[in-house]
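A.B. asks: One structure is given below, represented as structure tokens, and several questions about it will come after.
Each reported figure results from applying straightforward, stated rules to the coordinates on display, with no laboratory input. Everything numeric here is computed off the predicted structure, so don't read it as measured data. When we count neighbours, we look across all protein chains shown, and the Cβ atoms used for this are built from the backbone with ideal geometry, even at glycine.
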């Protein structure tokens, strides 16, 4: 259950990237999760909810983008892509996979809502 | 709506400290392994067997990670090696900063090999680089032969697998060939050892491999 610390790190990264005057406008934080990053999306969302209300941007939502695992089958040599962990090649059904990507665990984007219109 | 695009690894801070630990260990010429497994697979017993074989030819130091108690450090200290116990007080894994603090307490100038025994857990420790050269994952035959498929992240990041408690094979439903196949399916490069810490079977093969890594560091 390390998702609480991960959620905390996401909030800290967001805080570092948003200018102080815009902190109140943070609406959405996008993160990328690969199937092999060792973090469970649902748990992360739960922990984020628990922490965000006491953060500098209590209204921010977390959007989790599942990025696929990418690899190559060592037996049939075909490229494999999957949003879930797969133990063997889905093409030849037997081959072992050399996984090239799937560990993603990153903050990719922060969206700020429009500033309130200036009083004329 | 305006968008700030960033590409920041969530565990960047941990990774930076881990890189710092790695540099520090490198400057001292220390080979470091991060020993991981589920609770009760036999990490500490394997470490004790390893110490029996390597000490004093190889100068070993140990960092023990546990949720509570210093029982493991007490066990290891019987082998007259420097040991630091990290108690995480509930946290399910070690982080690089905890290891950095532990390194401050060790006489690193007198070490060839540092063994970090992680908290017993096959999930969370996979995500946290500590600065080790390699991860070694231990599974016991009593856990069955499907562990690599259930916890692929950990097996994928490990350089070696030690299958422990082989003396219990007659009593458990664990097929070593199947376990090996599953492990190599997840990580084709995995080095696999079979040990019984109880009888001592296989310990020398494992220690020979480890000794070679220490010599070639």
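A.B. asks: Mean 1/r over all different Cα pairs, inverted: what Kirkwood radius does chain B give, in Å? Mind showing how you got there, number by number?
C.D. replies: Working: mean 1/r = 0.0564 Å⁻¹.
Its Kirkwood hydrodynamic radius stands at 17.7 Å.
A.B. asks: Shifting gears a bit: For the pair residue A:84 and residue B:168, how long in nm is the line joining their label points, each one 7 Å along Cα→Cβ?
C.D. replies: For the pair residue A:84/residue B:168, the computed spacing is 3.0 nm.
A.B. asks: Still on this structure, I have one more. Could you work out how far the C-alpha centroid of the stretch A:77-117 sits from that of the stretch A:1-49, in angstrom?
C.D. replies: First find each Cα centre; the distance between them is then 18 Å.
A.B. asks: Also: Please give the average number of partner chain Cβ atoms lying within 10 Å of the Cβ of each residue in B:8-16, rounded to a whole number.
C.D. replies: Numbers: counts 11, 8, 18, 9, 5, 3, 2, 0, 0.
That works out to 6 on average.
A.B. asks: Another question, if that's okay. Between residue A:61 and residue B:134, what is the label-point separation in nm under the 7 Å Cα-to-beta-carbon projection?
C.D. replies: According to this spin-label approximation, the distance is 4.7 nm.
A.B. asks: Next question, about the same structure. Give the relative contact order (percent, whole number) for the stretch B:143-195; include only Cα pairs under 8 Å separated by 6+ residues. Numbers along the way, then the final one.
C.D. replies: On the way: 58 pairs, mean separation 29.6, N = 53.
Rounded, it is 56 percent for the stretch B:143-195.
A.B. asks: Apply 1/(1 + (r/R0)^6) to the Cβ-Cβ distance of residue B:87 and residue B:189, taking R0 = 35 Å, and write down the FRET efficiency to the nearest 0.05.
C.D. replies: 0.55
A.B. asks: Given the DSSP H assignment, sum -39500 (n - 2.57) over each helix run of at least 4 residues in chain A and divide by its residue total; what's the result at 222 nm in deg cm²/dmol, nearest 500?
C.D. replies: Values: 2 runs with 27 residues, N = 120.
One gets -7000 deg cm²/dmol as the mean residue ellipticity at 222 nm.
A.B. asks: Per 10 Å bin, what is the whole-percent P(r) computed from every C-alpha pair distance within the stretch A:28-68?
C.D. replies: Going out from 0 Å in 10 Å bins, the stretch A:28-68 shows 29, 52, 18, 1 percent.
A.B. asks: For the stretch B:67-134 and the stretch B:161-199, compute the distance between their C-alpha centroids and round to whole Å.
C.D. replies: 25
A.B. asks: I'd like the antiparallel share, as a percent to the nearest 5, of DSSP beta bridges with both residues in the protein assembly as shown. Show your work: numbers first, answer last.
C.D. replies: Details: 21 of 56 bridges.
Taking every DSSP beta bridge within the protein assembly as shown, about 40 percent pair in antiparallel fashion.
A.B. asks: Considering the zone a paramagnetic label at residue B:15 would reach in this model (a point 7 Å from Cα along the Cα-to-Cβ line), which residues of the stretch A:71-102 have amide N under 16 Å from it?
C.D. replies: Correct set: A:100-102.
A.B. asks: Could you work out the relative contact order of chain A, using alpha carbon pairs under 8 angstrom and six or more residues apart, expressed as a whole percent? Walk me through the numbers before you get to the answer.
C.D. replies: Numbers: 210 pairs, mean separation 40.2, N = 120.
Across chain A, relative contact order equals 33 percent.
A.B. asks: Could I ask something else about it? For helix A:3-17, what angle does its Cα long axis make with the longest principal axis of chain A, in degrees from 0 to 90 and rounded to 10?
C.D. replies: With rounding to tens, the tilt is 60 degrees.
A.B. asks: Ok, one more. Pop out the Kirkwood hydrodynamic radius of the stretch B:112-217 from its pairwise C-alpha distances, inverse of mean 1/r, in Å to one decimal.
C.D. replies: Details: mean 1/r = 0.0697 Å⁻¹.
About 14.3 Å for the stretch B:112-217.
A.B. asks: Let me know the mean shielding of A:103-113 by other chains, meaning the per-residue number of their Cβ atoms within 10 Å of its Cβ.
C.D. replies: On the way: counts 6, 2, 5, 7, 7, 4, 5, 5, 5, 4, 2.
That works out to 5 on average.
A.B. asks: Taking a spot 7 Å from the Cα of residue B:201 along the direction of its beta carbon, which residues of the stretch B:112-151 have an amide N less than 17 Å from it?
C.D. replies: B:139-145
A.B. asks: Please report Rg (one decimal) and Dmax (integer) in Å for the Cα set of the protein assembly as shown.
C.D. replies: According to the Cα coordinates of the protein assembly as shown, Rg and Dmax are 22.1, 85 Å.
A.B. asks: What is the percent of Cα-Cα separations in the stretch B:30-100 that go past 19 Å? Don't skip to the answer; put the middle values down first.
C.D. replies: Numbers: 765 of 2485 pairs.
For the stretch B:30-100, the fraction of Cα-Cα distances above 19 Å is 31 percent.
A.B. asks: Right, here's the next one. When the helices in chain B are scored as -39500 (n - 2.57) per DSSP H run of 4 or longer and the sum is shared across all residues, what 222 nm value do you end up with, to the nearest 500 deg cm²/dmol? Let's see the in-between values first.
C.D. replies: On the way: 8 runs with 77 residues, N = 217.
Helix-only estimate at 222 nm: -10500 deg cm²/dmol.
A.B. asks: With chain A treated as a Gaussian network of Cα nodes joined by springs under 10 Å, which of A:65, A:21, A:100 yields the largest mean-square fluctuation?
C.D. replies: Between A:65, A:21, A:100, it is A:21 that shows the largest mean-square fluctuation.
A.B. asks: Rg over Rh of chain A, using C-alpha atoms and the Kirkwood radius, what does it come to? Display every interim value, and only then the final one.
C.D. replies: Values: Rg = 18.6 Å, Rh = 16.1 Å.
Reported Rg/Rh (Cα atoms, Kirkwood Rh): 1.15.
A.B. asks: Suppose a student asked you for the relative contact order of chain B, using Cα pairs under 8 Å spaced at least 6 residues apart; what percent would you report?
C.D. replies: Numbers: 415 pairs, mean separation 54.1, N = 217.
This gives 25 percent for chain B.
A.B. asks: Here's a follow-up. Can you pull the mean other chain C-beta count within 10 Å for peptide B:112-123? It would help to have the intermediate numbers written out before the result.
C.D. replies: Working: counts 0, 0, 0, 0, 0, 0, 0, 0, 0, 2, 1, 5.
Taking all residues of B:112-123 together, the mean is 1.
A.B. asks: I'd like the FRET efficiency for residue B:3 and residue A:91, computed as 1/(1 + (r/R0)^6) with the beta carbon distance as r and R0 of 41 Å, rounded to 0.05. Don't jump to the answer; show the numbers that get you there.
C.D. replies: Details: r = 37 Å, r/R0 = 0.91.
That gives a FRET efficiency of 0.65.
A.B. asks: What order, most packed first, do the peptides B:56-67, A:52-63, B:114-125, B:32-43 have when packing is the mean number of other Cβ atoms within 10 Å of each residue? Write out the running numbers ahead of the final one.
C.D. replies: Values: B:56-67: 21.2, A:52-63: 16.0, B:114-125: 24.4, B:32-43: 22.9.
Sorting B:56-67, A:52-63, B:114-125, B:32-43 by mean packing, highest first, produces B:114-125, B:32-43, B:56-67, A:52-63.
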